[in-house]
Amino acid sequence: MATPAHYTGTAIALHWFIAVVLLGQFAFGLALEDIPRGTPERGFYVNLHKSIGILIGLLILLRLAWRLAHKPPPLPDTMAPWQRRAAWFSHAALYICMVALPLSGYLASNFSRHGIKFFNTFRWAPWGPDDKTLYAFFNGAHHLAALLLAIFVFVHVLAVAKHMLIDRDRLLLRMWPQRGAPADQPRSNLPVETR
Ligand code: HEM
Ligand code: HEM
């Protein structure tokens, strides 16, 4: 069977690195709920969550910029038009949630007197007023974006499982590290023997 065309080494590295750190940061966010409010311990961990979240947010922006500048490999010919549209929309939804999550957290922090103490060392004074309504709005957006991301990732994984187990088109290989492949050159859609 033909080896499917695959993403470049850079796209694959960014996809998996961001997937792992996002899952870790997601669990970290949920764990924050168990730390009593108003304690120094909560301040420490919330600032750690904010600091790591900002770094992940920058990495996501880098990934998005890189993606906009590089065309993905063509989808398998066997995919129906509705499947292509579904893939496009679900990937766009994943990117929107990936940007909205850190952005809403960052905005919420700037409408609170706490601001951000980057890695608990230096304080970034908030540029916005201490406004409870705006804070609640962006905090609500942060919670909603986290929930939507979890749902879209679940659907994403189900879609990959359907491709692998039912369609048997080996779609996962498109996003799987390739041994000995040049970092930034996607291979063609041709069978291995003719490459
Ligand atoms: C980049 C990825 C991020 C992910 C995946 C993430 C995820 C989460 C999750 C799952 C929660 C718990 C929400 C809930 O219980 O419904 C949370 C809470 C929180 N996040 Fe994030 N977050 C990210 C980035 C940020 C950033 C950049 C900031 C601020 C600069 C931030 C600030 C907060 C704060 C303050 C809370 C606690 C809110 C509360 O207890 O009311 N997060 N985050
Ligand atoms: C936090 C978790 C994840 C996020 C945010 C995420 C996000 C994305 C995004 C945005 C794309 C589109 C890439 C592009 O065209 O720019 C993509 C593609 C892909 N992802 Fe994920 N992903 C996650 C986890 C996973 C997991 C666990 C798997 C494996 C089951 C997976 C397998 C794939 C595959 C195979 C593709 C390529 C799809 C295609 O060929 O069109 N992803 N992912």
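Read-outs: derived from the displayed coordinates by stated rules, not from any lab. Keep in mind it's a predicted model, so treat the numbers as computed, not measured. Glycine also receives a Cβ, built like all others from the backbone with ideal geometry; neighbour counts cover every protein chain displayed.
Tilt of helix 9-32 relative to the longest C-alpha principal axis of the chain, in degrees (0 to 90, nearest 10)?
30
Suppose every Lys and Arg Cβ carries +1 and every Asp and Glu Cβ carries -1, with no other charges. What dipole size does the range 1-134 come out with about its Cα centre, to the nearest 20 debye?
It works out to roughly 220 debye.
Under 15 Å from the 7 Å Cα→Cβ point of H49, by amide nitrogen: which residues of the range 7-41?
22-41
Going Cα to Cα from K132, which lysines come in below 27 Å? Please leave out same-chain ones fewer than 8 positions away.
K50, K117
Given the rule -39500 (n - 2.57) for each run of at least 4 DSSP H residues, summed and divided by the residues of the chain, what is its mean residue ellipticity at 222 nm, to the nearest 500 deg cm²/dmol?
Rounded to the nearest 500, the figure is -21000 deg cm²/dmol.
Against the longest principal axis of the chain, how steep is helix 81-110, in degrees 0 to 90 to the nearest 10, with axes from Cα atoms?
The helix 81-110 is inclined about 20 degrees to the chain.
At 20 °C and 1.002 mPa s, what whole-number value in µm²/s does Stokes-Einstein give for the translational diffusion of the chain, with Rh from the Kirkwood sum over Cα pairs?
For the chosen part, D equals 113 µm²/s.
If the cut-off is 29 Å between C-alpha atoms, which lysines fall inside it for K71, apart from same-chain ones fewer than 8 positions away?
Correct list for K71: K162.
May I ask for the angle, rounded to the nearest 10°, between helix 40-69 and the longest principal axis of the chain, with both axes built from Cα atoms and the value confined to 0 to 90°?
Value to nearest ten degrees: 30.
In Å, what Rg and Dmax follow from the Cα atoms of the range 1-111?
17.8, 60
Which residues' amide hydrogens lie under 5 Å from the amide hydrogen of K117, considering only partners 5 or more residues apart or on another chain, with H built in the peptide plane?
It is W124, by chain and number.
Would you mind getting the Kirkwood hydrodynamic radius of the range 1-63 from its Cα pairs, rounded to one decimal in Å?
13.7
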